[in-house]
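First the structure, in the form of structure tokens, and then the observations on it.
The values are calculated or read from the model by the stated rules, or taken from the named source; none is laboratory data. Computed from a predicted model, the values in this text were never measured in an experiment. Methodologically, a virtual Cβ is constructed for each residue, glycine included, from the backbone with ideal geometry; neighbour enumeration extends over all protein chains shown. Protein only, heavy atoms only, side chains kept; ligands, DNA and RNA dropped before computing areas. Shrake-Rupley method; radii C 1.70, N 1.55, O 1.52, S 1.80 Å.
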Amino acid sequence: NEVHTVAAAADGTGYSLTGAGGNFEVFFGGANVRTTSTFSIVGGTDGGANWTQTKNGLTMTISELSGVYTLSGASWTTDTETFTLRAVYQ
């Protein structure tokens with residue numbers, strides 16, 4: 001999901017973040033190496049097993065070991081947010 005579009009009413013209400021996440025996939029030489037990589041959010045906070053970052057009421061969380069990421073937040077206040085995810089392999 002390079003981009004996930006969230007539909008909302010004209011006043012910004014009524015949005016759902018259900019499905020706004022996924023698995024960060026990492027490939028090396030054509031092979032998926034996600035299970036042997038570690039993950040973080042650039043500028044985020046390391047909470048042990050998960051990294052998080054909140055911008056204007058929207059929170060991105062990624063599992064450091066699995067690469068599963070989600071978005072959450074009930075008071076998101078901007079039209080667009082960007083989070084930079086990082087994967088390290090070897």
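Side notes on the structure shown:
- Checking each residue in the stretch 35-73 for being under 9 Å from the mean Cα position of the chain (by Cα), of a type in the set (Ser, Thr, Tyr) and over 21 Å from GLY12 (Cβ atoms) picks out THR52, THR61, TYR69.
- Pairs linking a residue in the stretch 49-62 that is under 13 Å from THR80 (Cα atoms) and open to solvent by 50 Å² or more (accessible area, probe 1.4 Å) to a residue that is among the β-branched types (Val, Ile, Thr) and assigned to a loop (DSSP other than H, G, I, E, B), with Cβ atoms under 6 Å and 6 or more positions apart or on different chains, are ASN56/THR77; ASN56/THR78.
- Listed by first and then second residue, the pairs with beta-carbon distance under 6 Å, at least 6 apart or on different chains, first residue in the stretch 9-22 and touching a residue at least 60 places away in the same chain (Cβ under 8 Å) and among the hydroxyl-bearing types (Ser, Thr, Tyr), second open to solvent by less than 70 Å² (accessible area, probe 1.4 Å) and part of a loop (DSSP other than H, G, I, E, B), are TYR15/VAL6; TYR15/ALA8.
- Top-ranked residue of the stretch 63-83 - restricted to ones that are among the polar types (S, T, N, Q) and touching a Ser or Thr at 6+ places or on another chain (Cβ under 7 Å), ranked as surrounded by the fewest Cβ atoms within 10 Å (Cβ to Cβ): SER72
- Of all residues in the stretch 9-44, those that are part of a strand (DSSP E or B), under 12 Å from SER63 (Cα atoms) and either modelled with pLDDT of 95 or more or open to solvent by 30 Å² or more (accessible area, probe 1.4 Å) (or both) total 6.
- The number of residues in the stretch 65-80 that are in a loop (DSSP other than H, G, I, E, B), out of contact with any Lys or Arg (no Cβ under 6 Å at 6 or more places or on another chain) and closer than 12 Å to TRP51 by Cα comes to 2.
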